[in-house]
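One structure below.
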Amino acid sequence: MSSPEQWTHPDPGEGPAAQAAQPSREQVIAGLRATTEGGAELTQLLTPEGERVGSPRFDRYVEDIDAEALRGLYRDMVLVRRADRECNAMQRQGQLGIWVPLLGQEAAQIGSGRALKPQDMAFPSYREHGVAFTRGVDFRELLGIFRCTDHSGWDFRAHGFHPYTIVIGNQVLNAAGYAMGQRFEGKVGNTDTDGRPAENDEATIVYFGDGATSQGDVHEGFVWAAVYDAPLVFFCQNNQWAISEPTERQSRLPLYQRARGYGFPGIRVDGNDVLACLAVTRWALEECRHGNGPVLIEAFTYRMDAHTTTDDPTRYRLSDELEAWKLKDPIERVRAHLARNGFAEGSFFEQIQAEADEFAAQLRDFCFNMPEPPPERVFSQVYAEPSPELDAQREEYLAYLDGFATAGER
């Protein structure tokens, strides 16, 4: 029978493989501990208490993050959280059809999003509001998706941020294809005249949750990216719950270790540590731009709210678990670090909170006064070129709607 260490860290040659289809009690406990605490392989630069810890491997990737930059990361997270809470409230008030909260995942999204360069491309699922914010997408443009009036209102090429993907895991295949194109077009692995890596080389990042790792599309994306050395960072936000299913119901191993089976590196980072997420993602993107192939990042975090506003998490998880993760809050650890080291005064935090409240008020005003799009808009921008078939469908549909108005006049 394998040991708990073998169960959570099955390196080759470290003892026999498990002999039974079901793990032993000790193996289950070891797996749960790795799930709830992150395990020994967790990369962390900022503790939950706000203390900076050194990392010989990753410190160099955040050398430019001084007090001003850290205050900027704090501002990003506060504004995004405040907007998220406002949107959650607006859904309850009937202004949005649904909302997908990101509460608790601000560090994973802001840290990784700020690691991207302008020429990079990001493929989100449906929860990456923080990444959208870092890519310059107007938060108001997200509202149409959840008000069910639009698919996406932004120019994804200009922002380097693909439209949201609702089908679980499908964006991973899209991202793999895009990254393969970057490889085929020679946009990775180049050098400048001085022999240093080219500054304009590209990379792609794709976001998905722990639940999506059970989808075939994700595994196919792993295969294609590995075979073609695609410059693709797989960024898994492991928030512990795939709706009502915990991570340990989906995998015997920590998710980052799955990368080994496909032949590329995997790493687990503290997803509530914005500094670590920034550093690890910068490293992974650098690996991709240099032509070394894909990387899997497992951002170990926690979903503090419901899966969506249609979900009731009190039916499947304990309040004690939620309270324990509140102590690891991604925003509070940065606040503590700034205050403890004299990098910010009380007036700074008050100013950011006031800015966040104003940001939320603008979102609310926009949402409450959002015009309903005309019915013919559903036919716009379906194809790049004009389509006689689509034109005929549009005319038929508009004539059908006109029939109701005509009937009402009789």
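The values are calculated or read from the model by the stated rules, or taken from the named source; none is laboratory data. Bear in mind that the values here come from a model prediction, so they are computed numbers and not experimental data. Cβ atoms come from the backbone with ideal geometry, glycine included; neighbour counts cover every protein chain shown.
Quick rundown of the values:
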| read-out | value |
| --- | --- |
| Unmet requirement for Met370, which otherwise passes all of (1) in a helix (DSSP H, G or I); (2) at pLDDT below 95; (3) surrounded by 14 or more Cβ atoms within 10 Å (Cβ to Cβ) | (1) |
| Residue identified as among the acidic types (Asp, Glu) and without any contact (Cβ under 8 Å) to a residue 60 or more places away in the chain among Glu372, Glu389 | Glu389 |
| Residues located in the stretch 29-85, provided they are polar (S, T, N, Q) and either modelled with pLDDT of 95 or more or assigned to a loop (DSSP other than H, G, I, E, B) (or both) | Thr43, Gln44, Thr47, Ser55 |
| In the stretch 219-246, the residues that are touching a helix residue (DSSP H, G or I) at 6+ places or on another chain (Cβ under 6 Å) and crowded, with 24+ Cβ neighbours inside 10 Å | Gly221, Ala225, Ala230, Pro231, Leu232, Val233, Phe235, Cys236, Gln237, Asn238 |
| The stretch 179-192, residues that are touching a His at 6+ places or on another chain (Cβ under 8 Å) and surrounded by fewer than 21 Cβ atoms within 10 Å (Cβ to Cβ) | Gly189 |
| Residues that are within 15 Å of the chain's Cα centre (by Cα), in contact (Cβ under 8 Å) with a residue 60 or more places away in the chain and in a loop (DSSP other than H, G, I, E, B), drawn from the stretch 121-148 | Pro124, Ser125, Arg127, Glu128 |
| Matching residues, the stretch 74-99, being β-branched (Val, Ile, Thr) and surrounded by fewer than 24 Cβ atoms within 10 Å (Cβ to Cβ) | Val78, Ile98 |
| Flag for Glu323 being among the charged types (D, E, K, R), closer than 24 Å to Val100 by Cβ and without any contact (Cβ under 8 Å) to a residue 24 or more places away in the chain | yes |
| Selected residue (only one of Val223, Val218, Val188 is within 16 Å of the chain's Cα centre (by Cα), among the β-branched types (Val, Ile, Thr) and in the same structural domain as Thr281 (by TED's automatic domain parsing)) | Val218 |
| Which listed residue is under 18 Å from the mean Cα position of the chain (by Cα) and more than 26 Å from Gly72 (Cα to Cα), from Gly291, Gly261, Gly266, Gly271 | Gly266 |
| Ala230 being farther than 26 Å from Arg52 by Cα, assigned by TED's automatic domain parsing to the domain that holds Arg315 and in a helix (DSSP H, G or I) | no |
| Residue satisfying condition, being in contact with a Lys or Arg (Cβ under 6 Å, 6 or more places away or on another chain), in the same structural domain as Asn341 (by TED's automatic domain parsing) and under 23 Å from Asp210 (Cβ atoms), within set Val100, Val131 | Val100 |
| Residue in the stretch 260-277 that is of a type in the set (Lys, Arg) and surrounded by fewer than 24 Cβ atoms within 10 Å (Cβ to Cβ) present | yes |
